[in-house]
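A.B. asks: What follows is a single structure, and I will ask about it in a moment.
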Amino acid sequence: MNRQRVSFWWFVGTLFASLLLMLIPLPHVLEPFKPYWPALVLLYWAMESGEQRVTLGLAFILGVCADMLNGVLLGEQALRLCVLAFIALRFRSRLRFFPMWQQTLAVLALLLNDRFLLLVVRAFAGESTPPALWWASPFVSGLLWPFLFLLLDDLRMRLRLQ
Amino acid sequence: MALTREESSPLFAGTAAGTLRLIFYLAMAVVLMVLDHRNGWLWRMRYATAIVVEPVYRLASLPVDGMHALGVAFADRRMLTEQNQRLREDLLLANAKLNRMAAVAQQNERLKELLDTQHSLELHVQMARVVGMDLGAYRHRIMINLGARDGIKSGQPVIDAHGVMGQIIDVLPTSSAVMLVTDPDHALPVVVERTGLRTIAYGSRNGEQLALPTIPMAADVRVGDKLLTSGLGGRFPEGFPVGEITNVAPAASGMFLEAKANPSADIDRSDEVLVLHDLAEPVGPPPPPSPAGPPSDEAPAPATTATVAHPTTLAPSGKPASAQTAAAPPEVPQP
């Protein structure tokens, strides 16, 4: 029971940490390269535990929390994370057994799709189109993915968590 | 929705229930977005959950504060001495200027009194610290550590030592969000210091610059001209530096000149900012003078109710009615 509780808190803790990482500002020059942390962590858990933990409802709640903390529009990140979680869950069994580079490419595609969705939402909200550098973030996230995945997986193994 | 997941073939786990669920959540998200877009729910929710949200903000700003503290702790002596020296020189210069200005300010005050205007050169400000936090939206917004409990209200101008930074747009109990002048949604009425030309400075989409897209073709605007707030629009008091023009070119439409300006405030380096408490001079025509008639105790009943009703409606405009009843301003002798 204890082990289960610890692994539950580890799960919640990583999600919370991803929200904090999203809020922490980077130096001004690096700002456009900031990865979308909640999406990365959610993707990790979607691939790792599947529907036992990551459901669309959870993605929605995480998105609303993220919007509350740093949002331009309430519900925007909820929508994006829902779509992300849906695709990841549907292709989970294939994504899991991809070699790392293929997985990375898949994550990159997912995040690019996410940016595109964001662009559409912002266009509907009547905001101006962002500068070209704005598209750099998914690529940085994609580069970070293998390391994040291995790190989280390794930590999970070491702590013998589910 | 009541379907439980029984799928035993996870390789192609596409079920109608999963898709339905997705559609349900997407619809909810869209409803939230529309409601927020129409009514600004986001800030109401933030305000309602401020007890959770604000500690998270403080937590998120810790790394920046930590870096700052580390910078101070490990800064070497030479740098600190240099900085100290520079600050001392600045202070000396500022004090010298201030001393010279004091006399002028006093004279100005006296002349203005003669002219019977209420405009004063005093500043009522509150110092605030910037909370190091990323608010999305391409960093055109910042958070400061003063909020509703410190008497901050939406719409107050925020300045730093060099110029106008922006204005408060949303207030939480102990922090508030500032929209910077470089935000694409921000527009600021300005006046060119050299020529007195009035125009509007918008934030620009992709940069740290201000855009002035509607300058008449014939206007005299040069690179290096300083922009001040004009006080029109009623948000920003007049006379605060806004920026300096760096580039003037005909607009794509060919009907206007378009200028770019660098903001004078240290938009991305300020740690401390000032929140202004006095607002701009009320705009529009002066309020009509209250009816000058016989004293109210001698006037008939309806007239007294009218005079009572009048000052209450005029009160927000900032000029006490008594100032208006005073005699006309003394005539300026013509040379």
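A.B. asks: To the nearest 0.05, how large is the calculated FRET efficiency for residue A:8 and residue B:111 if R₀ is 51 Å and r is the Cβ-Cβ distance?
C.D. replies: On the way: r = 73 Å, r/R0 = 1.42.
About 0.10, to the nearest 0.05.
A.B. asks: Search the structure for amide H atoms under 5 Å from the amide H of residue B:165, placed 1.01 Å from N in the peptide plane, and list their residues when 5 or more places away or on another chain.
C.D. replies: Correct list: B:158, B:159, B:160.
A.B. asks: Short version: ³J(HN,Hα) in whole Hz for each residue of segment A:30-35, in order, from phi by Karplus 6.51 cos²θ - 1.76 cosθ + 1.60 (θ = phi - 60°), x for Gly and Pro, what are they?
C.D. replies: 7, 3, x, 8, 5, x
A.B. asks: Note the full-extension length gain between residue B:15 and residue B:185 as 0.36 nm times their separation in residues minus their Cα-Cα distance, in nm to one decimal.
C.D. replies: Working: separation 170, 0.36 × 170 = 61.20 nm, distance 4.35 nm.
Gain in length upon complete extension: 56.8 nm.
A.B. asks: From the backbone phi of segment B:239-251, what are the Karplus-calculated ³J(HN,Hα) couplings (6.51 cos²θ - 1.76 cosθ + 1.60, θ = phi - 60°) in whole Hz, Gly and Pro given as x?
C.D. replies: x, 8, x, 10, x, 9, 6, 10, 6, 10, 8, x, 6
A.B. asks: Still on this structure: By how many nm would the segment from residue B:269 to residue B:193 lengthen if fully extended, with 0.36 nm per residue of separation less the alpha-carbon distance?
C.D. replies: 24.8 nm
A.B. asks: Let me know the whole percent of all Cα-Cα pairs from chain A that are separated by more than 29 Å.
C.D. replies: The answer is 15 percent, as a whole percent.
A.B. asks: Over all directions, the average projected area of the alpha-carbon convex hull for segment B:139-229 comes to how many nm²?
C.D. replies: The orientation-averaged projected area of the Cα hull of segment B:139-229 comes to 6.5 nm².
A.B. asks: Please find the FRET efficiency linking residue A:20 to residue B:103, where r is the Cβ-Cβ separation and R0 is fixed at 45 Å, and quote it to the nearest 0.05.
C.D. replies: Computed FRET efficiency for residue A:20 and residue B:103: 0.25.
A.B. asks: Can you give the relative contact order of segment A:2-158 as a percent, counting alpha carbon pairs under 8 Å and 6+ residues apart?
C.D. replies: It rounds to 24 percent for segment A:2-158.
A.B. asks: Quick one: order A:141, B:204 by neighbouring beta-carbon count within 10 Å, fewest to most.
C.D. replies: Starting with the residue having the fewest Cβ neighbours, the order is B:204, A:141.
A.B. asks: Stretched out fully, how many nm does the piece from residue B:208 to residue B:127 gain, at 0.36 nm a residue minus the Cα gap?
C.D. replies: Contour length minus the Cα-Cα distance gives 26.8 nm.
A.B. asks: Over all directions, the average projected area of the alpha-carbon convex hull for segment B:63-122 comes to how many nm²?
C.D. replies: For segment B:63-122, averaging the hull's shadow over all directions gives 6.5 nm².
A.B. asks: Also, quick follow-up: For segment B:125-283, take the alpha-carbon Rg, divide it by the Kirkwood Rh, and send me Rg/Rh.
C.D. replies: Dividing the radius of gyration by the Kirkwood radius yields 0.98.
A.B. asks: Any idea how far apart residue A:132 and residue A:154 come out in nm if each label point goes 7 Å out from Cα toward Cβ?
C.D. replies: 3.7 nm
A.B. asks: Note down the nm distance, to one decimal, between modelled labels 7 Å out along Cα→Cβ at residue A:140 and at residue B:89.
C.D. replies: Result: 3.6 nm between the two label points.
A.B. asks: Now, a different point. Once each part is reduced to its C-alpha centroid, what is the distance from segment A:71-106 to segment A:1-52 in angstrom?
C.D. replies: Cα centroid of segment A:71-106 versus Cα centroid of segment A:1-52: 13 Å apart.
A.B. asks: Still on this structure: If you rank A:55, B:199, B:19 by fewest surrounding Cβ atoms within 10 Å, what's the result? Write out the running numbers ahead of the final one.
C.D. replies: Working: A:55 18, B:199 21, B:19 12.
Least to most surrounded, the residues fall as B:19, A:55, B:199.
A.B. asks: Roughly what would the spin-label model give for residue A:94 and residue B:251, points 7 Å off Cα along C-beta, in nm?
C.D. replies: 5.0 nm
A.B. asks: Another one. Using Cα positions and a limit of under 27 Å, work out the lysines in reach of residue B:97, with same-chain residues fewer than 8 apart set aside.
C.D. replies: Filter leaves B:112, B:226.
None of the figures in this text is laboratory data; all of them are computed from the coordinates on show. Keep in mind that this is a model prediction, so the values were computed, not measured. No Cβ is skipped: glycine too gets one built from the backbone with ideal geometry, and neighbour counts run over all protein chains shown.
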